[in-house]
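K.L.:
Sending over a structure as structure tokens; questions will come in a sec.
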Amino acid sequence: MDNKELEDWKAKIVDIKSKKNAVIFAHYYTRPEIQEIADFIGDSLALAQQATRVNADILVMCGVHFMGETMKILCPDKKVLIPDMNAGCSLADSCKADDLKEFINKEIRKCENEKVLVVSYVNTSADVKALTDIVVTSSNAKHIVDQLPPDAKIIFGPDHNLGSYINSVTGRNMILWNGACHVHSRFSLEALLQLKAENPGVEVLAHPECKASILAQSDVIGSTKALLEHTIKSPAKRFIIATESGILFEMQRACPDKEFIPVPPEVTEGIGCSCNECEYMRMNTLEKVYNCLLNENPEMIVPKETAEKAVSSIKKMLEMS
Ligand code: 13P
Ligand code: SF4
């Protein structure tokens, strides 16, 4: 799409958004043009928090399916639209509610007299959240796990890399589900070591969904928002970044005089692309945003019974953040 077409779509969206009293939210991993038309850009925690504060009839969530579900659960009286219902998440897909239920029951049987708490990363379906005691995001996982009773047995899912990282920084021994994000688990250690050798002294910033071997080579580990904030406040001028490449747009916009060097993924023949982009996040396009506002469809619907069970785990997270 050329520049003129992009600008035309943006103008149409601005117009329809105000006519319909709608607010657009975008995750940092979406395309630059989506971030440009969004009223709020954020990581998964900030988007969930912000959704509860806005006064609008329609909320458009430009992110992935579970983000739309979280928004609908928190704002049941609002119309929540998502530009593409097929924008899923490999991490959320790695944990099906029925399998988690079985896993939880097995662990409960093993420790009859211990208190068992189920902590789930926000990258999960509403059905998984309905089985969860407390939801966390990468922004608040350490802070929340630190507040849980020291004698409680914690089941953590679905991201194994994030869970191992939280175990290492909290000293807990949470039982981990073996899930992963296909983007974050594919960064190449070899390429990172080469980038470090070519750029001596340059800080490495990584998302905790990355493998332990990548985190071990990193200077700053945090959520997308934490990494962005670090690049803004740091006096350094160059950074090596190990997270989805959409965040580079916001980093560059906030720090035009700084340089960001993305870590490439391992190249696995025949599997996915050889870039560090989440194809699900990229499914949000200006045309789809406009059409979803025009048709008020696709609309996110979460069955009432599931929403009622899931909401307390999300609210608990917002209280404890
Ligand atoms: P945060 O938005 O919490 O940094 O999570 C990253 C992610 O993978 C979103 O899907
Ligand atoms: Fe899911 Fe990974 Fe995409 Fe985030 S980057 S939405 S965890 S697949």
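K.L.:
How big is D, in µm² s⁻¹, for segment 224-321 by Stokes-Einstein at 4 °C and 1.567 mPa s if Rh is the Kirkwood radius over C-alpha pairs?
P.N.:
75 µm²/s
K.L.:
So what is the relative contact order for segment 203-321, in percent, with contacts set as C-alpha pairs under 8 Å and at least six apart?
P.N.:
This gives 17 percent for segment 203-321.
K.L.:
Restricting things to Cα coordinates, could you compute the convex hull volume per residue of segment 36-124 in Å³?
P.N.:
Here the figure is 125 Å³ per residue.
K.L.:
Given C-alpha coordinates of the chain, what is the ratio Rg to Rh with the Kirkwood estimate of Rh?
P.N.:
Reported Rg/Rh (Cα atoms, Kirkwood Rh): 0.97.
K.L.:
Output the pairs from Lys19/Lys72; Lys153/Lys225; Lys106/Lys309; Lys129/Lys153 with a Cα-Cα distance over 26 Å in this structure; if there are none, say none.
P.N.:
Lys153/Lys225
K.L.:
Given the rule -39500 (n - 2.57) for each run of at least 4 DSSP H residues, summed and divided by the residues of the chain, what is its mean residue ellipticity at 222 nm, to the nearest 500 deg cm²/dmol?
P.N.:
After summing the helix terms and dividing by residue count, I get -12500 deg cm²/dmol.
K.L.:
Fewest to most neighbouring Cβ within 10 Å: what's the order for Arg238, Arg172?
P.N.:
Arg238, Arg172
K.L.:
Any idea how far the Cα center of segment 133-212 sits from the one of segment 5-49, in Å?
P.N.:
Centre-to-centre distance over Cα atoms comes out at 29 Å.
K.L.:
Taking the convex hull of the alpha carbon atoms in segment 102-198, what volume per residue do you get, in Å³?
P.N.:
Taking the convex hull of the Cα positions in segment 102-198, it is 117 Å³ per residue.
K.L.:
First obtain the Kirkwood hydrodynamic radius of segment 1-160 from its Cα pairs, then insert it into the Stokes-Einstein equation at 10 °C and 1.306 mPa s, and state the resulting D in µm² per second as a whole number.
P.N.:
Rounded, D is 91 µm²/s.
K.L.:
Next question, about the same structure. Checking the cross-link filter: which lysines have an alpha carbon closer than 17 Å to that of Lys20, excluding same-chain neighbours under 8 positions apart?
P.N.:
Straight-line reach from Lys20, under 17 Å: Lys10, Lys12, Lys78, Lys79, Lys288.
K.L.:
When the convex hull of the C-alpha atoms of segment 137-275 is computed, what volume per residue in Å³ does it have?
P.N.:
Hull volume over Cα atoms, normalised by residue count, gives 111 Å³.
K.L.:
Output the relative contact order of the chain, whole-number percent, from Cα pairs under 8 angstrom with separation of 6+ residues.
P.N.:
Contact order relative to length: 23 percent.
K.L.:
Could you tell me the center-to-center distance, by alpha carbons, between segment 76-117 and segment 54-68 in angstrom?
P.N.:
What the calculation gives is 20 Å, centre to centre.
K.L.:
Could you please rank Arg31, Arg253, Arg53, placing first whichever residue has the fewest other Cβ atoms within 10 Å of its Cβ?
P.N.:
Arg53, Arg253, Arg31
We did not get these values from a lab; they are worked out from the coordinates using the rules stated. It should be emphasised that the depicted structure is a prediction, and the values quoted were computed from it without experimental measurement. Here Cβ is always computed from backbone atoms with ideal geometry, including for glycine, and neighbour counts include all displayed protein chains.
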